[in-house]
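Read the figures in this text as sums done on the coordinates, not as results from a lab. Since we're looking at a predicted model, the values are computed, not measured. Every residue, glycine as well, gets a Cβ built from its backbone with ideal geometry; the counts of neighbours run over all protein chains shown.
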Amino acid sequence: MLIFMDFSSFFSFFKKKSCIIENSESIVIGNFKEVCSSNGMFVYENLTLYHHAQSFFIPLLILDSTRGIYLIEQKNWSYDVIARGRLSQAKHQNSSINTIAFDNAHEFIRKKFNELTHHDGVPLFHFLIMENLSAQEYERLDAAFQKLLPKQSVIFNDSSNKEIIQKLHLVAGATSSLPNFTTIMGSLLVQYLVMSNDQVKNLATAEQRDFIDAPSTKYQTLHAKAGSGKTTALLLKVILEKLKNPKIRIMVLAPTTIACDMLKQKIVSMVEYAMVYVDVSSIEIITPQQLLHRHRTKIGKIPPLEETFFIEDALLRTSYNCAQLLVCDDADLLPEAFIYYLRHLQKTAHLLLVSNKYDAMGDYVFHKSFRKTGQKFVFNEAYSHAKALQIISQLLDKSAHERILVVSHEVSREKLKDDLEFFIKDNAVLLDSSEHLVHQSMENLLLLRYEDLSDLHAKFVILLDSDSASKEALDYALGLSEETCYILYDQECENINYLRNKYENK
């Protein structure tokens, strides 16, 4: 870990004069950022780094992937202000909370890298941008101040672009031995680390970062296509809200019990990997029916014998302070009446609805897909049951069971299970999304109903009974396939025409 200069104690003397970049965009700062960007460096502003129970604010960070990380601080001290300062006073002042204590920043970042990647990460350097000091005025400063503020670490208000790059490059020679971009920034900014379904690390896109960082409001919507990392992004947002305010009450809704279990597993693994302190047990992840049951119990209503989405008038006439932030994943799979009910609860909570309709208008939209390859859609008009058996037999010869999902209605999947066991000698699982994940085997070929779809993914998806499914369920089912989706049907119908127009030859 390289320390290029130490002037944190010097900063403290001028702490009332400090200027945090997030409140200022001067010509000097703008030019500095433009010079860095045009020379292939990555510019990040107003970052908060989290590690265990600590956080550290960085006003401006520059990543040169061939040299290391530059930590930048901006000061508006003039020559007269600095010249009047007394070195003895500067040395005995405590560091201001409004400045970067660079020694602390280096130690904080080094620990993060060591614990996450088991090495020191990348070299760290820091620079001071002096808004109101020229290079000529610097030469007139007392030698003691020049020692505290080495010229090679200061960007002056009259520094040329060439001089800026020379100073940045002077601290170290270029090397190809540094970790890759995602490893560096993903380790620093765990609140932006998106893990794909095959556990590949990606750094959040600009769209995702805007969504994660945005303050919660009374009503917001996120629209994102399958494979865009929307579920990971919403969990990152939930984690970040907890990091910023550990006492906030958050509730996440997912359509099925299995989907809730998967979200719980995912958020636990994300927090553990990030090495941040978040009480995940305080983040409630429940089904919509569980929320309705709680509300009914609160107002003394007897819940129905079966879990339904029936919304009594009494629920809409009473408030229910279930959380301060209420997030509903896969909202387009839920009845409109329930979404209307959530809008009613919005009066006492901030509401975020997450939908798979990425082509719809929303407050936030994710367009990028993190899938390695594009999906292939195969339409086949035949006796769908027999064709499904044929395709499954072919896929089982070259693919593991857990990479295949078959989606149909109840009668079809029961018959398909029997025939699979008789003709192919394969044990398929009739997935029950209302049961907990621990009670079901996810390693076998899975036979799903359209109501079981939430948060499941596979390399291959086989779709039957599309004639009577909703368009929302069909779109969601097709989004589950990471490589190929087979749409099997006995004859043309409205839904098949809808799917053909939207997916065929794409």
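Cα gyration tensor of the stretch 395-449, axes a ≥ b ≥ c as square roots of the eigenvalues: rounded (a/c below 1.5), prolate (a/b > b/c) or oblate?
Taking the square roots of the gyration eigenvalues as a ≥ b ≥ c, the stretch 395-449 is oblate.
Using helices alone, what [θ] at 222 nm do you get for the chain, with -39,500 (n - 2.57) per DSSP H run of 4 or more residues, divided over all residues and rounded to the nearest 500?
Result for the chain, helices only: -10500 deg cm²/dmol.
Could I have the simple spin-label model distance between A83 and E107, label points 7 Å from Cα toward Cβ, reported in nm to one decimal?
The modelled label-to-label distance comes out at 3.7 nm.
Take peptides 219-226, 336-343 and line them up by average Cβ neighbours within 10 Å, highest first, as a rough protection proxy.
219-226, 336-343
Please give the helix 288-298 orientation as an angle from the longest Cα principal axis of the chain, in degrees from 0 to 90, rounded to the nearest 10.
Rounded to the nearest ten degrees, it is 90.
Calculate the FRET efficiency for T217 and K162 from the Cβ-Cβ distance with a Förster distance of 45 Å, rounded to the nearest 0.05.
With R0 = 45 Å, the Cβ-Cβ based efficiency is 0.50.
Restricting the count to DSSP beta bridges whose residues both fall in the stretch 376-503, what percent are antiparallel, rounded to a multiple of 5?
Antiparallel: roughly 0 percent of the beta bridges in the stretch 376-503.
Could you please report the charge total around G229, scoring K, R as +1 and D, E as -1 over all other residues with beta-carbon less than 11 angstrom from its beta-carbon?
+3
Which label belongs to the value computed from this structure, given these candidates for semi-axes √(5λ) of the Cα gyration tensor in Å: (1) 35, 31, 22; (2) 54, 27, 19; (3) 38, 26, 19?
Identified label for the calculated read-out: (2).
So how far apart, in nm, are the two label points at A174 and V268 if each is 7 Å from Cα heading toward Cβ?
Output for this residue pair reads 4.7 nm.
Around I129, under 9 Å between beta carbons, what's the net of Lys plus Arg minus Asp minus Glu among the other residues?
-1
Arrange the following residues from fewest to most other Cβ atoms within 10 Å of their Cβ: L235, L352.
The order, fewest Cβ neighbours first, is L235, L352.
Relative to the first principal axis of the alpha-carbon coordinates of the chain, what is the inclination of helix 336-345, with its axis defined by its Cα atoms, in degrees from 0 to 90 and to the nearest 10?
So the helix axis and the longest Cα principal axis differ by about 40 degrees.
Over the chain, what relative contact order in percent results from Cα pairs under 8 Å that are six or more residues apart?
13
Expressed as an acute angle from 0 to 90° and rounded to the nearest 10, what is the orientation of the C-alpha long axis of helix 230-244 relative to the principal long axis of the chain?
That helix lies at roughly 50 degrees to the long axis.
Under a crude label model (7 Å from the Cα following the beta-carbon direction), how far is T318 from M361 in nanometres?
Taking the simple label geometry, T318 and M361 are separated by 3.7 nm.
Could you work out the local net charge near L474, counting Lys and Arg as +1, Asp and Glu as -1, over the other residues with Cβ closer than 12 Å to its Cβ?
Net charge around L474: -3.
Neighbour counts of other C-beta atoms within 10 Å: give me I69, I250, I462, I302 arranged from fewest to most.
With the fewest neighbours first, I69, I250, I462, I302 line up as I302, I250, I69, I462.
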